[in-house]
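Engineer: One structure, as structure tokens, below. Some questions next.
Coordinate-derived values only; no laboratory data. Owing to the predicted nature of the structure, the values given are computational and were not obtained by experimental measurement. Cβ sites come from the backbone with ideal geometry, for glycine too, and all protein chains shown count toward neighbours.
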Amino acid sequence: MRITEAARRLDLTPRMLRYRESLGLLPALRPARRRTIGRRPERGPERAGAHRQFSDTDLAAVALGLSLERRYDISPVALAFGIRVLADPRVRAEVAELGRRIGRIQPPPARALDFEQERALRLLGQPMTGGPVRRPGGSTPRA
């Protein structure tokens, strides 16, 4: 279906649907199939200059995005950025670092394990050295 019908079904304007597409909130266009008549290839329906066609699957994806925006009271831009954070490892790392610095994200698990090991050593009354933990009787655990 064309954008006008898709927008009507989603209770949006075609302009808002195009805006969401520009933010990357619509499924990517599928590669167009080339049809050949004789020797000259023709452009498929999703080539440059042709109108985008929406499938029921596309509408379901857009509807999910709209429901997330409403449920969490966020803008389409915020949702698009959230998807970018999930998709781009570099952006994810930078946002996680900000979250740690402002106290919204816990430190990585490795640091938590070090803290737990130090706590256990304190409770056992053993010194906190950087070396291996000694068992009673003088033996050291094997790695």
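Engineer: Any chance you could run the full-extension gain for GLN126 through GLU97? It's 0.36 nm times the residue separation minus the Cα-Cα distance, nm to one decimal. Could the numbers behind the result be given before it?
Structural biologist: Working: separation 29, 0.36 × 29 = 10.44 nm, distance 3.39 nm.
My answer for the length gained is 7.0 nm.
Engineer: Assuming R0 = 30 Å, what is the FRET efficiency of GLU118 and ALA87, from their Cβ-Cβ distance, to the nearest 0.05? List each step's numbers first, then the result.
Structural biologist: On the way: r = 37 Å, r/R0 = 1.24.
According to the calculation, E is roughly 0.20.
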